[in-house]
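Asker: Please find one structure pasted underneath; my questions will follow.
The values are calculated or read from the model by the stated rules, or taken from the named source; none is laboratory data. Just so we're clear, the structure is a prediction, and the values are computed from it rather than from any experiment. As a convention, Cβ positions derive from the backbone with ideal geometry for all residues, glycine included, and neighbour counts pool all protein chains shown. What goes into the accessible areas is simple: the full protein's heavy atoms, side chains included, and nothing from ligands, DNA or RNA. Shrake-Rupley method; radii C 1.70, N 1.55, O 1.52, S 1.80 Å.
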Amino acid sequence: MASNQFPHSAARPAAGRIRRSAVAAVAGLTAVTLLSACGYGSKSDDKAAGSPAVASPAGDVKLSADTVKIGYFANLTHGTPLVGLKEGIFQKELGTTQVKPQIFNAGPAEIEALNAGSIDIGWIGPSPAINGYVQSHSEALKIIGGSASGGVKLVVNPDKISSVDDLKGKKIATPQRGNTQDVALLNYLAGKGLKVNPDSGAGDVSVVRTDNKVTPDAYSSGAIDGAWVPEPTASKLVTLGAKVLLNEKSLWPDNKFVITNIIVSQKFLKEHPDVVEAVLRGSVNTNAFIKANPDKAKASANAAIKEAAGNALDASILDPAWQDIDFLDDPLAGTLQSEADHAVTAGLLKKPDLTGIYDLTLLNKVLKAAGQNAVADAGLGTK
């Protein structure tokens with residue numbers, strides 16, 4: 001699962017770790033290239049019902065770049081690129097411009113790949129997007145669209161925890177120190193008067209930073225009493241006997257908060273706006289496809305995950321996880337600022353200036369062509 005990590009403070013970048021993350025990201029490109037030969041970005045022979053949200057260009061349109069390198073994670077909250085690439089929706093919009101997909105397991109690695117030019121556009125969580133923007137002094141990236149909301153839950157051992165009052169003294173897992181779910185848990189606990197050291201995780205509640213891949217085993221062994229995690233890990237824990245104590249969307253206005261953004265390198269945006277627009281049109285059309293064909297889209301995402309990870313998700317995990325995620329074009333900009341504020345409250349980030357992090361010009365152009373309303377940047381648009 002992805003980790004969307006904040007540094008301890010915006011003024012203290014971990015340079016060594018950053019360089020190592022970049023090396024790891026580049027080292028993974030060969031394996032990802034093999035994945036792209038196994039069906040990612042290929043056009044589907046089985047066209048489902050439902051019209052695209054935006055009319056596609058006629059014929060094989062020639063854009064300003066021969067290729068576009070797209071990064072994302074092989075998990076359900078990245079359903080837009082999983083489905084859009086698997087169904088050939090992005091390739092249709094890009095014409096002769098070929099997609100080169102790259103799959104990441106961690107937000108920091110994807111940001112480093114973007115900075116290094118190894119990818120041009122990426123689907124990523126809010127925390128690494130904020131971190132990447134702040135660490136680069138506002139020069140590395142722009143958020144150009146939304147992709148998903150929701151899909152995060154606090155699940156617990158019902159034999160040990162039956163209410164929020166029972167959290168004190170318990171061990172709760174998050175994917176990584178300073179990642180999006182870690183910030184959410186620390187902020188939530190602070191609001192309940194429970195103190196936790198943001199660095200060590202020690203305190204009234206023990207916050208145990210555990211990779212999502214091993215969290216189910218940690219739960220089964222009793223090493224943790226619960227976890228604040230994204231899907232499908234939350235639903236996997238439920239199949240092991242855990243109960244949902246809290247769905248994070250219940251804490252947000254209208255039950256919506258950003259879990260996945262679309263980012264682009266500022267250099268690529270400046271040099272190839274037509275390609276960026278085509279990717280955004282593909283994203284809007286994919287989200288429309290998901291809404292019109294939920295079962296086919298779910299199956300397509302699961303097939304893509306199997307190709308990437310080797311195993312498909314069982315229906316007992318896939319169905320509730322997919323149902324809890326909202327795929328949408330609006331980046332929910334107001335919630336991004338709130339998530340940054342939560343990281344400040346948790347002691348993981350100094351107060352950042354996010355002015356200019358969004359450039360929604362091309363997205364709103366695509367939405368207008370689709371007859372849809374423009375989306376707002378909450379005052380955080382291009383300076």
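Asker: For region 193-208, just list the computed ³J(HN,Hα) in residue order, Karplus coefficients 6.51, -1.76 and 1.60, θ = phi - 60°, integers in Hz, with x standing in for Gly and Pro.
Answerer: Working through the residues one at a time gives x, 9, 9, 9, 6, x, 7, 8, x, 7, x, 4, 10, 8, 8, 9 Hz.
Asker: Starting from one equal scatterer on each C-alpha and no solvent at all, send me the Debye-based log10 I(q)/I(0) for region 151-225 at q = 0.21, 0.22, 0.23 Å⁻¹, two decimals.
Answerer: Each listed q maps to, in turn, -0.92, -1.02, -1.13.
Asker: Let me ask something else. Rank these residues by their accessible area, most exposed first, probe 1.4 Å: His137, His342, His78. Let's see the in-between values first.
Answerer: Details: His137 145, His342 45, His78 5 Å².
Correct descending sequence by accessible area is His137, His342, His78.
Asker: Can you work out the accessible area per residue across region 257-382, with the rest of the protein chains kept in place, probe 1.4 Å, in square angstrom?
Answerer: Numbers: 4920 Å² over 126 residues.
Per residue, region 257-382 has 39 Å² of solvent-accessible surface.
Asker: Rounded to the nearest 20 Debye, what is the dipole magnitude of region 75-179 about its Cα centre when Lys and Arg each give +1 and Asp and Glu each give -1 at the C-beta?
Answerer: The calculation lands at about 280 debye.
Asker: Which ³J(HN,Hα) values, rounded to whole Hz and listed in residue order, are derived for region 86-102 from phi using the Karplus coefficients 6.51, -1.76 and 1.60 in 6.51 cos²θ - 1.76 cosθ + 1.60 with θ = phi - 60°, glycine and proline given as x?
Answerer: Taking θ as phi minus 60°, the curve returns 4, 8, x, 5, 5, 4, 4, 6, 7, x, 7, 6, 8, 7, 10, x, 9 Hz for region 86-102.
Asker: Within region 139-218, what whole-number % of the accessible surface is contributed by carbon and sulfur, with the 1.4 Å probe and all protein chains included in the calculation? Spell out each step's value before the answer.
Answerer: Details: 1320 of 2960 Å².
The C+S portion of the solvent-accessible surface of region 139-218 is 45 percent.
Asker: Same structure, new question: Taking the convex hull of the alpha carbon atoms in region 253-383, what volume per residue do you get, in Å³?
Answerer: Numbers: hull volume 21.2 nm³, N = 131.
Per-residue hull volume (Cα only) is 162 Å³.
Asker: Here is a further query. Just to check I understand the Karplus step: with θ = phi - 60° and J = 6.51 cos²θ - 1.76 cosθ + 1.60, what whole-Hz values come out for region 64-70, glycine and proline as x?
Answerer: 7, 10, 6, 9, 9, 9, 10
Asker: Can you list the residues, at least 5 places off or on another chain, whose amide H is less than 5 Å from the amide H of Leu141, using H built in the peptide plane?
Answerer: Amide H neighbours of Leu141, under 5 Å, 5+ apart: Gln266.
Asker: Expressed in whole Å with the largest first, what are the equivalent ellipsoid semi-axes of region 183-265 derived from the C-alpha gyration tensor as the square root of 5 times each eigenvalue? Present the calculation step by step, with values, prior to reporting the outcome.
Answerer: On the way: eigenvalues 90, 69, 42 Å².
They are 21, 19, 15 Å, listed largest first.
Asker: Largest first, please: the extent of the C-alpha atoms of region 200-242 along each principal axis, to the nearest Å.
Answerer: Sorted largest first, the three principal extents are 29, 19, 15 Å.
Asker: Under a 5 Å amide H to amide H cut-off, with H placed in plane at 1.01 Å, what residues pair with Ala148 once short-range neighbours are removed?
Answerer: Ile259, Thr260, Leu328
Asker: What's the carbon and sulfur percent of region 313-383's accessible surface, probe 1.4 angstrom, rounded to a whole number? Mind dumping the intermediate values first?
Answerer: Working: 1600 of 3180 Å².
Carbon and sulfur together cover 50 percent of it.
Asker: Can I ask one more? Probe 1.4 Å, all protein chains in place: accessible area of Thr361 in Å², nearest 10?
Answerer: Using a 1.4 Å probe on the heavy atoms, I get roughly 100 Å².
Asker: On the full set of protein chains, 1.4 Å probe, figure out the accessible area of Lys92 and give it in Å² to the nearest 10.
Answerer: Spelled out: Lys92, probe radius 1.4 Å, area about 110 Å².
Asker: Give the residue list of trypsin sites (Lys or Arg not before Pro) in region 210-276 that are DSSP loop and have at most 16 other beta-carbon atoms within 10 angstrom. Don't jump to the answer; show the numbers that get you there.
Answerer: Details: sites: Lys213, Lys236, Lys243, Lys249, Lys256, Lys267, Lys270; in loops: Lys213, Lys256.
Loop-located and lightly packed - Lys213.
Asker: Separate question: Does region 95-222 come out rounded, prolate or oblate, given a ≥ b ≥ c as the square roots of the eigenvalues of its C-alpha gyration tensor, rounded meaning a/c under 1.5 and, failing that, prolate meaning a/b above b/c? Present the calculation step by step, with values, prior to reporting the outcome.
Answerer: Numbers: a/c = 2.62, a/b = 2.00, b/c = 1.31.
Judged from the Cα gyration tensor, region 95-222 comes out prolate (a/c at least 1.5, a/b above b/c).
Asker: Further question: Report the accessible area of Lys306, computed with a 1.4 Å probe over the heavy atoms of all protein chains in place, in Å² rounded to the nearest 10.
Answerer: For Lys306, solvent-accessible area is about 110 Å².
Asker: For the cross-link pairs Lys142/Lys270; Lys153/Lys213; Lys171/Lys256; Lys153/Lys236; Lys100/Lys368, which exceed 19 Å when the distance is taken from alpha carbon to alpha carbon? Provide the component values of the computation, followed by the final result.
Answerer: Working: Lys142/Lys270 11 Å; Lys153/Lys213 16 Å; Lys171/Lys256 27 Å; Lys153/Lys236 11 Å; Lys100/Lys368 28 Å.
Flagged as over cut-off: Lys171/Lys256; Lys100/Lys368.
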